[in-house]
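Working notes, beginning with the structure itself.
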Amino acid sequence: MTVQPEELHPAAGFPPGTREDWRRLALGVLRRSGAEAGSPEEALAFTTYDGVTLQPLYDAADLPGDSGVPGFAPYTRGTRPAGGAVSGWDVRQRHAHPDPAVAREAVLTDLENGVTSVWLVLGDGGLDPAALPRVLDGVYLDLAPVVLDAGARTGEAAEIFLRLAAERGIAPAGGNLGADPLGLRARTGAPADMAVAVELARRAREVPSLRAITVDATPYHDAGGSDAEELGCSIATGVAYLRALTGAGLPVEEAFGQIEFRYAATADQFLTIAKFRAARTLWSRVAEACGVPAHGGQAQHAVTSSAMMTGRDPWVNMLRTTLACFGAGIGGAGAVTVQPFDVRLGLPDAFARRIARNTQSLLVEEANVARVVDPAGGSWYAERLTADLAGRAWEWFQEIERAGGAEAALDRLIPERLAATWARRSAGIARRRDPITGVSEFPDLAERRPSRQPAPEPPGGGLPRVHYAQGFEELRDAADRAEARPEVFLATIGPVAAHTARASFAANLFQAGGIATVLSGTGTDPAEIAGAFRRSGATVACLCSSDALYAEHAAAVAAELRRAGARRIWLAGKGDHEGVDAVLHAGCDVLEVLRTTFDDLGVTP
């Protein structure tokens, strides 16, 4: 029988590695790849939209300090000592179908198959609040928490819900009445009425575990904002609600207990993990400043990002939401909503809702993601990123406070800041620095999208709602509307080995705008290539080959293509070549290239 050692050291027998060893090896690889860099850290670092620099390597020296223990201030590592190890997180499904019968069936099906709480969208863009008793018929309100989201009709919806619970003679098992006047202002531009929130908080005090107020930070994310901007806006909003509640006579401890926060979770799993950990750190700091540090455990609801969802190749949304759910769970969110993959196409069907809830069930029950308390705790990278993100968010929160608070900042400061971030993000998307699989990368022009019943339009008038893929999807829509699929001719010069890489690059680029591509073949004769161009019927061409063959043939091929009627000639690669109008390369503005090509082809975007 083999005797196991008391301690197992996997690295035993290997010489210890140092940062300098890594730097030397990394620099050697970079030099062989042709990269010019003074240091590997400079070459491999990445800066987020919040200005946080992500380093290629972290060690113990990067730890920001003691992040505490789960269940205690500053709550960075979670609001419960056991985390989700006992019961997992709250699987919360969103329902907005305007038909009460359909909504009731969907709610009951979800609750019978793994969902543990229900999020109901009421009023504009959802159910009529008067239909609440019908929708919740058969739902055990003392077992399944209900979260209301009724916008301008919050008071009406809350009254109906509380009356329903009283008629049944039961106390709701938690949930939230959904008062969020500043969130409503952000979404619709309607004036913020704190009176409803205060009154509902007074009434919710009578029901243990029921909260009255939701700080919904997703409007700031959906407007194109960064993670720190979303966090800072949420903390400023939470502070505004604390002032309103305590000003109306609620003890500060009870005021903290009435507020739940809702954040977007994205496919960037590490930033999502850091966001939820940072949010708890920030709210704990507010509680400490208010003199009640023991009440600073932030109640968190994660919902997978609407901005990241695509209408094209919607099946990829399953991957995006899985990553987002994983990040939110690892980050310690108390409740998680996974949006159905078809949400951009209309009202989700039963299959899409099943996939959404099963995504969570698999992560909790089979992958055991919730069984480890704060899995990111102690990670040099995660701890540093959490602290850096929290620092940026706190600076933004202070800027909002100097402007007069969240309500005053919604007049100008917040919209302008979010618009500036969206402009920078849009540039990154256009240049495919932020690739969108199935849209800006690897598009499928032959895709057959599922058909869904149109969803009610959500109320507007406030901050814009953007989708990261919208620029590319608008062009895809325009290409689909054209009488014939627009085409670009790829003049592939030389053998397959010479042109295939750049031809694939160019085809992927043009297809991202719905433009099909036609290849000339494997020859180098300019006349033959021009003949193939004429036969294709195209009016725009792109040269694709190696640098060596470009030097020998590009000018002659371009001249023949021009004589054959080419309105514009692109070249896949870099360098100046006679007769070529512009070049396509990694990092170019793809949306600008596509719009230019649409103009050349006579397609109206």
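With +1 on the Cβ of every Lys and Arg and -1 on the Cβ of every Asp and Glu, and nothing else charged, how large is the dipole of the range 478-601 about its Cα centre, in debye rounded to the nearest 20? Value, rounded to 20: 240 debye. Counting Lys and Arg as +1 and Asp and Glu as -1 over every other residue whose Cβ lies under 11 Å from the Cβ of Trp22, the net charge comes to -1. Mean residue ellipticity, 222 nm, helices only, the chain: the sum of -39500 (n - 2.57) across DSSP H runs of n ≥ 4, divided by residue count and rounded to 500, is -13500 deg cm²/dmol.
Treating each Cα of the chain as one equal point scatterer and applying the Debye formula with no solvent, the log10 of I(q)/I(0) at q = 0.11 Å⁻¹ comes out as -1.08. Quick one: length gained pulling Ala190 to Arg567 fully straight, 0.36 nm per residue minus the C-alpha distance? Gain on stretching Ala190 to Arg567: 130.7 nm.
Full extension of the chain segment joining Leu30 with Leu57 gains 8.2 nm, where the gain is 0.36 nm per residue of separation less the Cα-Cα distance.
Computed about its Cα centre, the charge dipole of the chain is approximately 400 debye, with only Lys, Arg, Asp and Glu carrying charge at their Cβ. Each peptide in 486-493, 57-64, 264-271 gets a packing score, the mean of other Cβ atoms within 10 Å over its residues, and the list from highest to lowest is 486-493, 264-271, 57-64. Between the beta carbons of Arg203 and Ala350, assuming R0 = 51 Å, the FRET efficiency works out to 0.90 to the nearest 0.05. Between Ala420 and Lys574, the contour length at 0.36 nm per residue exceeds the alpha carbon distance by 52.4 nm. Taking GluC sites (Glu not before Pro) across the range 25-91, the ones in a DSSP loop with at most 11 further Cβ atoms lying within 10 angstrom of their Cβ are Glu36. Considering only beta bridges that DSSP places wholly inside the chain, some 5 percent are antiparallel.
Among the DSSP helices (H) of the chain, those spanning at least 27 angstrom by Cα along their long axis with an average Kyte-Doolittle hydropathy of -0.5 or more are 227-247, 269-289; this is a geometric and hydropathy rule only.
Only the coordinates and a few stated rules stand behind these numbers; no lab work does. Remember, it's a predicted structure, so these values are computed and weren't measured experimentally. Please note: Cβ atoms are built from the backbone with ideal geometry, for glycine as well, and neighbour counts cover all protein chains shown.
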